[in-house]
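Asks: Once you've had a glance at the structure underneath, I'll fire off some questions.
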Amino acid sequence: MRNTTLCYVLQGDRVLMLHRTKKEKDINKDKWIGIGGKFLNRESPDECLLREAWEETGLTLTRWQCRGVVTFLSDVEDEYMYLFTADGFEGDLKECDEGDLQWVSREFLNTLPKWEGDEIFLKLLWENAPFFLLKLRYEGDKLLEAVLNGKRIR
């Protein structure tokens, strides 16, 4: 199991999203996701978050919160994904080598191609749900199972 971070940077009713278009071999190819990535050796979740945010966006996060942990199981690779939101940052957006960064409204975000399970945790984030544990099991792009805080919801 690898460890990763995923962060949704918020600015009012807008969310910074990354449209993954630039890497040939990318499990997230053509999907819209938050920012983040894999832990480096001996890196903590918040250290990974801050490094990945700066590397991908050029922004320095100044206020963030860990909102939950998603166990992402797939036929490619399994991961523990530490899910964050951030509403404080400094700096200017730069070009990302993994895709195109864009500020989108939360409503528009619902129409964009993303992982099916993302809708589950995005809803929890927008509802300000307390810290949660979510297990998402996929076969290819198809969500087979979702378990929220020990209770199967799909």
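Asks: With the crude spin-label approximation of a point 7 Å out along Cα→Cβ, what separation in nm comes out for ARG42 versus ILE27?
Replies: Label at ARG42, label at ILE27, 2.6 nm between them.
Asks: Whenever you get a sec, line up ARG137, ARG42, ARG63 from highest to lowest accessible area (probe 1.4 Å, protein heavy atoms).
Replies: Per-residue accessible area, sorted high to low, gives ARG42, ARG63, ARG137.
Asks: Tell me the accessible surface of PHE131 in square angstrom (1.4 angstrom probe, heavy atoms of protein chains only), to the nearest ten.
Replies: PHE131 has an accessible surface of roughly 110 Å² with all protein chains in place.
Asks: Using a 1.4 angstrom probe on heavy atoms only, work out the carbon and sulfur share of the accessible area of the chain in %.
Replies: 47 percent
Asks: Mind checking the dipole of the range 3-100: about its Cα centre, +1 per Lys or Arg Cβ, -1 per Asp or Glu Cβ, Debye to the nearest 20?
Replies: In total the dipole reaches around 120 debye.
Asks: Nearest 5 percent is fine: what portion of the DSSP beta bridges confined to the chain is antiparallel?
Replies: 70 percent
Asks: Have a look at SER105, THR62, MET81 and report the one farthest towards the positive end of the charge dipole of the chain, computed about the Cα centre with Cβ charges (Lys/Arg +1, Asp/Glu -1).
Replies: Working it through, the farthest residue towards the positive pole turns out to be MET81.
Asks: Please give the solvent-accessible surface of TRP54 in Å², to the nearest 10, using a probe radius of 1.4 Å with every protein chain present.
Replies: Accessible area of TRP54: about 140 Å².
Asks: Considering only the other residues whose Cβ falls under 12 Å of the Cβ of PHE132, what net charge follows from Lys and Arg at +1 and Asp and Glu at -1?
Replies: That sum, taken over residues with Cβ under 12 Å, equals +3.
Asks: Return the tail of the calculated pair distribution for the range 70-154, meaning the percent of Cα-Cα pairs more than 20 Å apart.
Replies: When all Cα pairs of the range 70-154 are counted, 46 percent exceed 20 Å.
Asks: Please state, as a whole number in µm²/s, the translational diffusion coefficient that the Stokes-Einstein equation yields for the range 96-144 at 10 °C and 1.306 mPa s, with Rh defined as the Kirkwood radius across alpha carbon pairs.
Replies: Here the translational diffusion coefficient equals 124 µm²/s.
Asks: Continuing with this model, one more query. Mind ranking GLU79, GLU55, GLU127 by accessible surface for me, highest first, 1.4 Å probe?
Replies: I get GLU127, GLU55, GLU79, largest accessible area first.
Asks: Please give the solvent-accessible surface of ASP13 in Å², to the nearest 10, using a probe radius of 1.4 Å with every protein chain present.
Replies: 100 Å²
Asks: A follow-up question, please. I want to make sure I understand the PRE zone here: with the label point 7 angstrom from the Cα of ASP87 toward its beta carbon, which residues in the range 45-62 have backbone N atoms less than 19 Å away?
Replies: 60-62
Asks: A follow-up question, please. If you take the beta carbon distance between GLU107 and ARG154 as r and set R0 to 22 Å, what does 1/(1 + (r/R0)^6) give as a FRET efficiency, to the nearest 0.05?
Replies: 0.40
The values are calculated or read from the model by the stated rules, or taken from the named source; none is laboratory data. Computed from a predicted structure; not experimentally measured. So basically every Cβ, Gly included, is an ideal-geometry build from the backbone, and we count neighbours across all protein chains shown. Ligands, DNA and RNA are excluded from the accessible area calculation, which covers all protein heavy atoms including side chains. Shrake-Rupley method; radii C 1.70, N 1.55, O 1.52, S 1.80 Å.
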